[in-house]
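As structure tokens, the structure follows; a few thoughts come after it.
The values are calculated or read from the model by the stated rules, or taken from the named source; none is laboratory data. Just so we're clear, the structure is a prediction, and the values are computed from it rather than from any experiment. All Cβ positions, even for glycine, are placed from backbone atoms using ideal geometry, and neighbour counts span all protein chains on display.
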Amino acid sequence: MNSTPNRQIIPASTSAAHRALFLDRDGVINDEINYLHKPEQVHFVPGIFSLCRSAQRLGYKLIVVTNQAGIARGYYTEEDFHALTRWMEAAFAREGVQLDRTYFCPHHPEHGVGAYRRECQDRKPNPGMLLHAAQDFSLDLARSVFIGDRCTDMAAGQAAGVGTLLLLEGVERGDCADGRNYQRIATVDAALPLL
């Protein structure tokens, strides 16, 4: 007779997991400029630094998730992207904000050149970048927030199980399809009470 007591596997508490504030880059962090890849093109969205400082004080990890079709199309290189990302991280640091990581997808299924032309689970509306971040940072996605400016952002967030989805007004004029559960906000500052 086995004397080992019955043991139930208890999952790790999600309260110990971190929350994240996921941010799309173009249109949320900086003004939307097609295929932005140079520092002189960057104009930060009003309120983004104060939002990120507040989120950081509340214990959120700050994670950028961005599709970069300009790489796929050959308009700029991955090194150009990384150089701009380092420049943006330094700009945030000067404002007292540390971005924890930037995830990007350089692929496009139709307009990519060479190896960049392919389907990719990281390209929004797929949830790959969010799921990688959840694993890398032990995130509780249900207690996290995603601010995007496109329906593809909302779809990625919903597919990943992000608890609060905020659609910044401006790009998407109509409602996102498929019954996605999200709230519209007029400015990034409007996200503060929802954190």
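With the requirement that a residue be of a type in the set (A, V, I, L, M, F, W, C), surrounded by 14 or more Cβ atoms within 10 Å (Cβ to Cβ) and more than 23 Å from Cys151 (Cα to Cα), what does segment 56-86 give you?
Phe81, Ala83, Leu84, listed by residue number.
Can you confirm whether segment 166-183 contains a residue that is touching a strand residue (DSSP E or B) at 6+ places or on another chain (Cβ under 8 Å), closer than 21 Å to Ala20 by Cβ and in contact (Cβ under 8 Å) with a residue 40 or more places away in the chain?
Yes, segment 166-183 contains at least one residue that is touching a strand residue (DSSP E or B) at 6+ places or on another chain (Cβ under 8 Å), closer than 21 Å to Ala20 by Cβ and in contact (Cβ under 8 Å) with a residue 40 or more places away in the chain.
From the residues in segment 26-72 that are of a type in the set (Lys, Arg) and in contact with a helix residue (DSSP H, G or I) (Cβ under 8 Å, 6 or more places away or on another chain), which one is modelled with the lowest pLDDT?
Lys38
Would you please list the contacts, defined by Cβ atoms under 8 Å and residues six or more apart or on different chains, that run from a residue in segment 32-47 that is within 14 Å of Phe92 (Cβ to Cβ) and in contact (Cβ under 8 Å) with a residue 60 or more places away in the chain to a residue that is in a loop (DSSP other than H, G, I, E, B) and hydroxyl-bearing (Ser, Thr, Tyr)?
Listed pairs, sorted by first residue: Gly47/Thr187.
For Glu89, are the conditions met, namely being surrounded by fewer than 19 Cβ atoms within 10 Å (Cβ to Cβ) and in contact with a helix residue (DSSP H, G or I) (Cβ under 6 Å, 6 or more places away or on another chain)?
No, not satisfied.
Mind checking which residues of segment 13-44 are under 18 Å from Asn67 (Cα atoms), surrounded by 15 or more Cβ atoms within 10 Å (Cβ to Cβ) and aliphatic (A, V, I, L, M)?
Leu21, Leu23, Val28, Ile29, Leu36, Val42
With the requirement that a residue be small (Gly, Ala, Ser) and outside any loop (DSSP other than H, G, I, E, B), what does segment 148-195 give you?
The answer is Gly148, Ala155, Ala156, Gly157, Ala159, Ala160, Ala190, Ala191.
Please go through segment 47-70 and pick out each residue that is within 30 Å of Tyr116 (Cα to Cα) and in contact with a strand residue (DSSP E or B) (Cβ under 6 Å, 6 or more places away or on another chain).
Passing the criteria: Lys61, Leu62, Ile63, Val64, Val65, Thr66, Asn67, Gln68, Ala69.
Residues are listed down the side, and each one gets a yes or a no for (1) touching a helix residue (DSSP H, G or I) at 6+ places or on another chain (Cβ under 7 Å); (2) buried (at least 21 other Cβ atoms within 10 Å of the Cβ):
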{"position": "Phe104", "(1), (2)": "yes, no"}
{"position": "Gly114", "(1), (2)": "no, no"}
{"position": "Leu131", "(1), (2)": "yes, no"}
{"position": "Asp140", "(1), (2)": "yes, no"}
{"position": "Arg150", "(1), (2)": "no, yes"}
{"position": "Met154", "(1), (2)": "no, yes"}
{"position": "Gly161", "(1), (2)": "yes, no"}
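Would you confirm whether or not segment 10-17 contains a residue that is modelled with pLDDT under 95 and under 18 Å from the mean Cα position of the chain (by Cα)?
Yes, there is a match, as at least one residue in segment 10-17 is modelled with pLDDT under 95 and under 18 Å from the mean Cα position of the chain (by Cα).
Please indicate, with yes or no, whether at least one residue in segment 101-110 is without any contact (Cβ under 8 Å) to a residue 24 or more places away in the chain, under 18 Å from Ala20 (Cβ atoms), part of a strand (DSSP E or B) and of a type in the set (A, V, I, L, M, F, W, C).
no
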